[in-house]
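Inspection log for the structure reproduced underneath, given as structure tokens.
Values in this text are rule-based calculations from the coordinates and carry no lab data. Computed from a predicted structure; not experimentally measured. Methodologically, a virtual Cβ is constructed for each residue, glycine included, from the backbone with ideal geometry; neighbour enumeration extends over all protein chains shown.
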């Protein structure tokens, strides 16, 4: 089954100290499933990789390999997320005390009727409130 993937789960696939058995199982599920992401996802992933490089967590030359591994996954970028930013996403963020970035994932899950994969506690709580299933736990 398709699901909305957020940056926190994506990074758990990159950094072994952030992975859990559930996130590893979710990664394995991508042999049959597809993950859907809002347009902000690629910028969030890029920023995490950039910060990790600046802090010495990874080397710059590793970025190329990591990006290639991420790009090889069956991830669909939702092209309508941007048009929702100043309407539905903004409203969701305000209503659930989320950042606009996190609200973009919830908006996508709601609009597409998909479960959401996130490690973010506040976002998971908002999912519970609005009836979006969580892929993890």
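Against the main long axis of the alpha-carbon atoms of the chain, helix 60-71 sits at an angle near 50°.
In what order do 11, 1 fall by count of nearby beta-carbon atoms within 10 Å, going from fewest to most?
Ascending Cβ contact count within 10 Å gives the list 1, 11.
Take every Cα pair under 8 Å whose residues are at least 6 apart in sequence, average their separation, divide by the length of the chain, and the relative contact order is 31 percent.
Calculate how steeply helix 121-130 sits against the longest principal axis of the alpha-carbon atoms of the chain, using the helix alpha-carbon long axis, and give the answer as 0 to 90 degrees to the nearest 10. It works out to around 30 degrees. Diffusion coefficient (Stokes-Einstein, Kirkwood radius over C-alpha pairs, 10 °C, 1.306 mPa s) for the chain: 105 µm²/s, rounded to a whole number.
By the count of other C-beta atoms within 10 Å, a proxy for reagent exposure, 96, 61, 82 are ordered fewest to most as 61, 82, 96. Restricting the calculation to alpha carbons of segment 69-114 gives Rg and Dmax of 11.6, 36 angstrom. Annotation: the residues 48, 36, 9, 4, sorted from fewest to most other C-beta atoms within 10 Å of their own C-beta, follow the order 48, 36, 9, 4.
Plugging the Kirkwood radius over Cα pairs into Stokes-Einstein for segment 1-48, at a temperature of 25 °C and a viscosity of 0.890 mPa s, what D comes out in µm²/s? The Stokes-Einstein estimate is 221 µm²/s.
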